[in-house]
Amino acid sequence: MRLTLRVWRQRHTDADGTMSTYEVDGISPDMSFLEMLDTLNEDLILRGEDPVAFDHDCREGICGACSLVINGDAHGPERTTTCQLHMRSFKDGDTIDIEPWRAAAFPVVKDLVVDRSSFDRIIQAGGYISVPTGSAPEAHATPVPKPDADFAFEHAECIGCGACVAACPNGSAMLFTSAKVNHLNVLPQGAPERETRVLDMVGQMDAEGFGGCTLAGECATACPKGIPLPSIAAMNREWLRATRHSRRG
Amino acid sequence: MARIIWDSSVGKKTVMAVSGLVMLLYLVAHMLGNLKIFFGADEFNGYAHWLRTLGEPALHYEWALWGVRVGLLAAVVLHAVSAYQLSRRDIKARPSTYVHKRLRTSYATRTMRWGGVILGLFIVWHLLDLTTLTVNENAQPGHPYENVLATFGTWYGNAIYLVAVLALGFHIRHGFWSAAQTLGVGSATRDRALKAAATALALALTVGFASVPVAVMTGWVS
Ligand code: HEM
Ligand code: SF4
Ligand code: FES
């Protein structure tokens, strides 16, 4: 396959960026999207040019590091991560636009790499459970009803990639935050911090400069892990409950 | 607790949802009241008079009406201020747009902000037209039936009201369902029912409100 790529190039956070055009040839339909970019970078290095910076780690769809907006879609045209997207989803001769996640809370570091530490700070604000260290407790000591376990697992699938923020017209992190809150709040292990967790995580989300939810639904369409839109309603329910039950006045 | 709610994007959205639902409830009653016009001048004017004597003798003349007016004013102000503040946050959170653009959200979703502004302007015009009668030529105080005919006797009266009730339909279609999500009532199993209810409410309000100018234009009500 021969492709024309229009790639966002930006030297550093404060620099102006532009779309630069590159031609790549000899792309196999079986290559992943990131392997296609590796091919481009090999060419660029051989020509003595600066390779395109992009994020990746596991390349098997589980770490959440890869992050590209491809032809206007976060993670491209298939419902999966960019690393699991293959070139057979494109046609020979296509022009492909590649841009970074765009949100105030995700500043561009270089080219296609953005800084997602705002997500880490949301997790630090309450996305954990407090347990005493020592030997692991007996698993059967804390029964979890099957529907609750399913609900927790569904939300635990979030890999923190940020596609939801990238797709949202308001740069909102509500889907990510709701996945994390719902995952822990439904479980008995998460119960002691149930109220503070949702209040603190939503508070941190606002403090990081993410937008609010207007129920546009773009996030759930983009999410590679299928976190559903009603998760946001479930978190809102937790938040409203916490404002009534909070012991912090 | 009021501080927690007002300072949070989720809380402010709750204020929008509750104030929106209060206005929605009022609009359903208002629309049904308007339909009395189809039963003639006496019944319509009598109904308008009853609204003012509502609650008597426990309440004084027009007290109930003023209670409703104060409540609605609070709802409109809270709704508009939250809308403005939340919209500013949303726009700031997405400073640069994508070069490769896509329009995917529905028309009703995309027009919440401008549709809301149109509704706000319409509320002002509507009050000047049929409450204070400031902009209504040929209006006589105390004759609501005749004043409605005067409004819909002008082309701009018809145009303004029809555009406004259409905008209202779109606003309710996204707004009612949104409010359910904001208040935590939405869930995967209820989603279809809530969307159907939003569409039904939007249609009922738009058709109900529009029926009056259409009836005057076609000479059904005269
Ligand atoms: C003063 C004029 C108005 C303005 C500026 C306005 C603006 C807005 C905006 C910007 C939203 C949020 C949209 C979103 O999140 O996508 C909204 C939501 C809503 N509006 Fe209005 N609106 C106005 C009047 C009304 C009226 C007259 C009603 C009466 C039924 C209403 C009912 C609602 C409801 C129920 C919501 C949903 C709240 C939620 O998303 O939880 N609005 N409005
Ligand atoms: S909710 Fe989905 S899109 Fe958002 S961070 Fe988690 S996995 Fe990524
Ligand atoms: S590189 Fe790990 S999910 Fe794509």
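The values are calculated or read from the model by the stated rules, or taken from the named source; none is laboratory data. Bear in mind that the values here come from a model prediction, so they are computed numbers and not experimental data. Every residue, glycine among them, receives a Cβ derived from its backbone with ideal geometry; neighbour counts consider all protein chains shown. The protein model used for the area step is the full one, side chains on, heavy atoms only, and it has no ligands, DNA or RNA in it. Shrake-Rupley method; radii C 1.70, N 1.55, O 1.52, S 1.80 Å.
For B:Lys92, the aspartates and glutamates whose Cα comes closer than 20 Å to its Cα, not counting residues fewer than 8 places off in the same chain, are A:Asp14, A:Asp16, A:Glu99, A:Asp115, A:Asp206, A:Glu208, A:Glu218, B:Asp7. Please compute the contact order of chain B in relative form: average sequence separation of alpha-carbon pairs under 8 Å and at least six residues apart, divided by the residue count, as a percent. Computed over chain B, the figure is 26 percent. Counts of other chain beta carbons within 10 angstrom of each beta carbon in peptide A:168-175 average 5. These residues, A:Ile70, B:Ile91, A:Ile159, B:Ile123, go from largest to smallest accessible area, 1.4 Å probe, as B:Ile91, B:Ile123, A:Ile159, A:Ile70.
Expressed as a whole percent, the accessible area of the stretch A:3-110 that falls on carbon and sulfur atoms is 45 (1.4 Å probe). Note on the stretch A:14-62 and the stretch B:12-71: Cα centroid distance 64 Å, given to the nearest whole angstrom.
Over 26 Å apart at the Cα level, from the set A:Lys225/B:Lys12; A:Lys180/B:Lys12; A:Lys180/B:Lys13; A:Lys225/B:Lys195; A:Lys110/B:Lys13, are A:Lys225/B:Lys12; A:Lys110/B:Lys13. The mean accessible area for residues of the stretch A:3-110, using a 1.4 Å probe and ignoring ligands and nucleic acids, is 45 Å² per residue. A simple charge model with +1 on the Cβ of Lys and Arg, -1 on the Cβ of Asp and Glu and nothing else charged puts the dipole of chain B at about 1640 debye relative to its Cα centre.
Buried accessible surface for the B/A pair, both sides summed and rounded to the nearest 100, is 3200 Å² with a 1.4 Å probe.
The portion of the accessible surface of the stretch A:117-245 made up by carbon and sulfur, rounded to a whole percent, is 57 (1.4 Å probe; DNA, RNA and ligands excluded).
Computed from point charges on the beta carbon alone (+1 for Lys and Arg, -1 for Asp and Glu), the dipole magnitude for chain A about its Cα centre is near 1120 Debye.
Peptide B:1-11 is shielded by partner chain Cβ atoms: per residue, an average of 6 of them sit within 10 Å of its Cβ. Taking 17 Å as the straight-line reach from the Cα of A:Lys91, none of the lysines fall in range once those fewer than 8 positions away in the same chain are excluded.
Rolling a 1.4 Å probe across the protein heavy atoms gives the stretch A:117-245 an accessible surface of 41 Å² per residue.
May I ask you to find the residues of the stretch B:164-193 that are shielded by at least 50 Å² of accessible area once the whole protein assembly is considered instead of their isolated chain (probe 1.4 Å)? Flagged in the stretch B:164-193: B:Gln181, B:Gly184.
Put A:Arg88, B:Arg173 in order of accessible area, highest first, and with a 1.4 Å probe you get A:Arg88, B:Arg173.
Overall shape: prolate for the stretch B:113-222, with the ratio a/c of the largest to smallest alpha carbon gyration tensor axis at 1.5 or above and a/b above b/c. The dipole here belongs to the protein assembly as shown: it is taken about the Cα centre, uses +1 on the Cβ of Lys and Arg and -1 on the Cβ of Asp and Glu, and is about 1200 debye.
Go ahead and set up a Gaussian network model of chain B, Cα springs under 10 Å, then flag whichever of B:Ser96, B:Ser19, B:Ser106 fluctuates most. Comparing B:Ser96, B:Ser19, B:Ser106 in the GNM, the peak value goes to B:Ser96. Using the average count of surrounding beta-carbon atoms within 10 Å as a protection proxy, the listed peptides A:80-87, B:164-171, A:189-196 rank, highest first, as A:80-87, B:164-171, A:189-196.
A loss of 40 Å² or more of accessible area (1.4 Å probe, protein heavy atoms, ligands and nucleic acids excluded) relative to the isolated chain is seen in these residues of the stretch B:78-98: B:Arg89, B:Asp90, B:Ala93, B:Arg94, B:Tyr98. Run the accessible area of chain B with a 1.4 Å probe and give the carbon-and-sulfur part as a rounded percent. Using a 1.4 Å probe with all protein chains present, chain B comes out at 70 percent carbon and sulfur. Here the gap between B:Thr218 and B:Ala200, fully extended at 0.36 nm per residue and compared with their Cα-Cα distance, gives a gain of 3.9 nm. Using the 1.4 Å probe convention, the accessible area of the stretch B:90-151 works out to 63 Å² per residue with neighbouring protein chains retained. The alpha carbon centroids of the stretch A:141-192 and the stretch B:126-151 are separated by 55 Å. Peptide packing: for B:47-55, A:110-118, the average count of neighbouring Cβ atoms within 10 Å per residue gives the ranking A:110-118, B:47-55, highest mean first.
With a simple spin-label model that places each label point 7 Å from the Cα along the Cα-to-Cβ direction, the separation between A:Arg79 and A:Ala139 comes to 3.0 nm. Placing R0 at 45 angstrom, the Cβ-Cβ distance between A:Asp94 and A:Thr196 gives a FRET efficiency of 0.35 after rounding to 0.05.
Remark: mean inter-chain Cβ contacts per residue of A:228-235 equal 5, using a 10 Å Cβ-Cβ cutoff to other protein chain atoms.
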